[in-house]
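Okay, structure first, notes after.
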Amino acid sequence: MSDGERMNFCLSDLVPPLRWSDAARITALADRPGLPDAWWRALPLHRVLAVLDAEALGDLLTELALDHWPAAAVGDVLPALHVLDPDEADDPQVAIALDRAGSWHGLLALSGRELADQPFVKARPVLTALFTAVFLRMSPESPAESLPEPMPEPIPEPIPEPVEDPPDEQVSELPELIDAAFGDLDDQTWMVAQNRVFADEPSDSEQLARLLAVHPAVIHDLEAALRDRLSHWLALPEAKPYTEHLTWLTDTFGAAVPKDRFVAAAEWHGRELRSLEVPAWRFVLATLPGHRLSGDWLVAGDIEDLRERTRSLIASAERPPTVPQALEMIASLGIRPDVARQWLESVPQLRAQKASQIDPDRQPGGQQGGLKDVALTRRCFRQPDGRWWLRVDVSGDHLDGGEVPLPSGFAAYVGLAPGEDRTVRSAAGEVGLSWHARPILGSLSRILSEVSAEEGSHIFLTLSEEGMLRVRHLPAANGGDETSRALRLVGYTAPSGTPEQAARVIAARVGLTAPVERPELLARLRERGDRDLLTLLG
């Protein structure tokens, strides 16, 4: 059975904006020959790909991204792009866009609108190539390794019971055990070990081939042979003391551990192995099953997946959790208590405010000190890209270059701390962020001018994962019923539908995840201080 045939999830599992939008109103999804109604949330993807091939599905998603979610980052439209090998999206237009963005993650942080604004970049063929590359990986006929399956819902992982450290005399012998097993490498294999298999940052295989004056295929063969030898050694009885050490490390660390703790977990980790002339911790890292080093963290699996699961778990709480509650919650993800606070602080856009800070834009009864204060902050709304955006109602002062006050709940959400000054990038240049007497954003006059903003119109602001200020502009509403005007204030511009449908949209955008009754929605709006919405919804 192929990877595509094993997939049991549908398109809306892969594309978060589909879960937030009223997809039944998106005409491009309807009337697809060979596909049933609501196929995007009812039909497993391998059955969709049997009717719409990868290219056709890539074209369709491009149309949706540009026409319906132009403010959503490309990587938020299809998060599987974050684990795609950029080489698989081998297209001239992608190469141009990648050069403009500066990095793969920088490219995925751009919205469709921002991508279209880049000089020399054609957004439509870029998006089609990117989306198609992912769907090709997932096609039933594709022999390629499948991408990790998405989790709309966080899946709790069991927390292993701690085990005792192996006896000291046994642990101290491990470097000698490794040296005895790998002390006879020939020069070329030793170079591959140093520069590829056990390197902190592996060298490019073609560069290494040029250095050794061999064909790149020789490097690949040497690396494969060394990895096979490593696997064979780990299975031998004499390697049992070492594999027991790996088991202890895995059980002790859980899902994530800071790199410095991993290096210091055993005294000999910091020693240099005589046989390989690399620090022992690099050898341990290369043999630790299922763990990957990402920046300052050693994580079981993909760090972005664990971060997203952390954000989802906190956001799905019925009420904003306090810091101690959040620390307990993430234990279900396999995060050990001794590193839980450090992990939470490392997750972008999920930083706790100090308990003493009070959000001036919140009603007195609001909870304080929680990680999800942004959900209780006036004019902050969770958009289809999963991020919280602040609505700023444009004034004459803003147009003249005045500073933009920020609610402290939103300031903390984007990672700004009291006493801090920062500069962030935007499509129109750098903008200052600071928090002294109160949090403020510097002048947006250039951005407002570029989007032709007028007094009374609205802009929605957030920071991308890359720390880039993203701005969406909505002109002032001209007429319309009160329901449509309320939807516009939360950033929803599609036809309003029934009052019940509108209430569901607004509830989701103020952080109410389960179906709620109208009194509960109105209570949340009162708690947040959204008096304009309360007036319109009555």
*Does segment 397-437 hold any residues that are outside any strand (DSSP E or B), without any contact (Cβ under 8 Å) to a residue 24 or more places away in the chain and more than 14 Å from LEU463 (Cβ to Cβ), and which are they?*
ASP397, GLY419, ALA428, HIS436, ALA437
*Go through segment 438-538 and tell me which strands (runs of 3 or more DSSP E), entirely inside it, have 3 or more residues that are modelled with pLDDT of 85 or more and of a type in the set (A, V, I, L, M, F, W, C).*
458-463, 468-474
*Of all the residues that make up segment 342-396, how many are over 17 Å from the mean Cα position of the chain (by Cα), assigned to a helix (DSSP H, G or I) and either of a type in the set (A, V, I, L, M) or at pLDDT below 60 (or both)?*
3
*Does segment 77-92 contain any residue that is within 14 Å of PRO125 (Cα to Cα) and surrounded by 18 or more Cβ atoms within 10 Å (Cβ to Cβ)?*
yes
*Can you tell me which residue within segment 169-193, out of those that are open to solvent by 50 Å² or more (accessible area, probe 1.4 Å) and closer than 13 Å to ARG274 by Cβ, is nearest to the chain's Cα centre (by Cα)?*
TRP190
*From (1) surrounded by fewer than 17 Cβ atoms within 10 Å (Cβ to Cβ); (2) farther than 30 Å from ASP200 by Cα, pick out the condition that doesn't hold for GLY295.*
(2)
*asked:* I'd like the residue in segment 124-142 that is open to solvent by less than 10 Å² (accessible area, probe 1.4 Å) and small (Gly, Ala, Ser) and, out of all such residues, is nearest to the chain's Cα centre (by Cα).
replied: ALA133
_Quick test for you: out of LEU98, LEU110, pick the one residue that is open to solvent by 20 Å² or more (accessible area, probe 1.4 Å), among the aliphatic types (A, V, I, L, M), in contact with a helix residue (DSSP H, G or I) (Cβ under 7 Å, 6 or more places away or on another chain) and closer than 25 Å to SER294 by Cα._
LEU98
*When the residues of segment 461-501 are filtered to those that are of a type in the set (A, V, I, L, M, F, W, C), surrounded by fewer than 19 Cβ atoms within 10 Å (Cβ to Cβ) and in contact with an Asp or Glu (Cβ under 8 Å, 6 or more places away or on another chain), which remaining residue is farthest from ALA412 (Cα to Cα)?*
ALA494
*asked:* Looking only at segment 442-472, count every residue that is more than 24 Å from the chain's Cα centre (by Cα) and aliphatic (A, V, I, L, M) and tell me the total.
replied: 5
*Which residue out of ARG504, ARG526 is without any contact (Cβ under 8 Å) to a residue 40 or more places away in the chain and either of a type outside the set (Val, Ile, Thr) or crowded, with 18+ Cβ neighbours inside 10 Å (or both)?*
ARG504
_Residue count, segment 246-291 (criterion: in a loop (DSSP other than H, G, I, E, B) and either basic (Lys, Arg) or more than 29 Å from the chain's Cα centre (by Cα) (or both))_ = 6
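The values are calculated or read from the model by the stated rules, or taken from the named source; none is laboratory data. In this text the structure is predicted, and so the values were computed from the model without any measurement. Glycine gets a Cβ as well: all are built from the backbone with ideal geometry, and neighbour counts include every protein chain shown. For the accessible areas, the whole protein counts, side chains as well, though only heavy atoms, and no ligand, DNA or RNA atoms are used. Shrake-Rupley method; radii C 1.70, N 1.55, O 1.52, S 1.80 Å.
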